[in-house]
Amino acid sequence: MGAQAVKKYFTPKWEEFSSHGELEDVLEASLASAIRASAMQMKVLGEFRTRMQEQRRLAAQASRADKEHEHAIEGLKTALDSVRTAYEQMEVDLKESDSNLLNMTKQLDNANAAQRVAAEALEAANNEKRRLLEEAKARDEEVLGLRKDLANAEDGRKEAEAGKREVEAKLANAEANFVANFHNTEAYTNFTDYFARVGQQEVLTALRSDHPDFDVKTLEARFPPPDARSEDES
């Protein structure tokens, strides 16, 4: 059967030809109908394949999109975890910063207190320094006065030593004269009586010193000094 013969059976008026046509025509119509059905099946199958391929493509795209979405979600979760970790670290750093700030504030307060104490100590030290300088100045003046007094005392000592030497010289001369002229005195004629009177005077002197309330006038009259008795006897 030629293509033109088959083609005519694809028209609508031949769709129900098998119910009233001749056998050859019926066979041709059935064959044409089968061919048309097969062509339609092929077309439907092709469309089905196309749709299936499109569905697979869409499914693949959806799968890739899901994977990308999951990957994006995982990335977002990772980023969120990083942000959460960074936030927690920021909270820790903030607490540490607050603690450091509090410690620095306390240190600053302590430093201010120490500075006040140091300033007070410095002021007290300056006052003490001024007081010591004034005392040192007064002592310098006192030392200067003492040096002057010492110089005057040294001059007085020298004068006293000169006077002492003069007195010692006079005493030495008097002793020498007494020794030289002792044989001309009354004591020499009665030597034993003279030294007895000297001893009596020493006893009277000791009584006056040790017993100031004791009346020694009677004893003084009874035991006069050696020179006084010599004058009375003469």
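Just so it is clear, none of the values below were taken in a lab; they were calculated from the coordinates. This one's a predicted model, so the numbers in the text were calculated from it and none came from an experiment. Neighbour counts run over all protein chains shown; Cβ positions are idealised from the backbone, glycine included.
Calculate, in nm to one decimal, what Asp81 and Arg222 gain on full extension: separation in residues at 0.36 nm each, minus their alpha carbon distance.
Taking Asp81 through Arg222 to full extension adds about 37.2 nm, to one decimal.
Add +1 for every Lys or Arg and -1 for every Asp or Glu among the other residues with Cβ under 11 Å from the Cβ of Glu141, and state the total.
0
If I stretch the segment between Lys95 and Ala62 completely, what's the gain in nm (0.36 nm per residue apart, minus their alpha carbon distance), one decimal?
Here the segment from Lys95 to Ala62 would lengthen by 7.2 nm.
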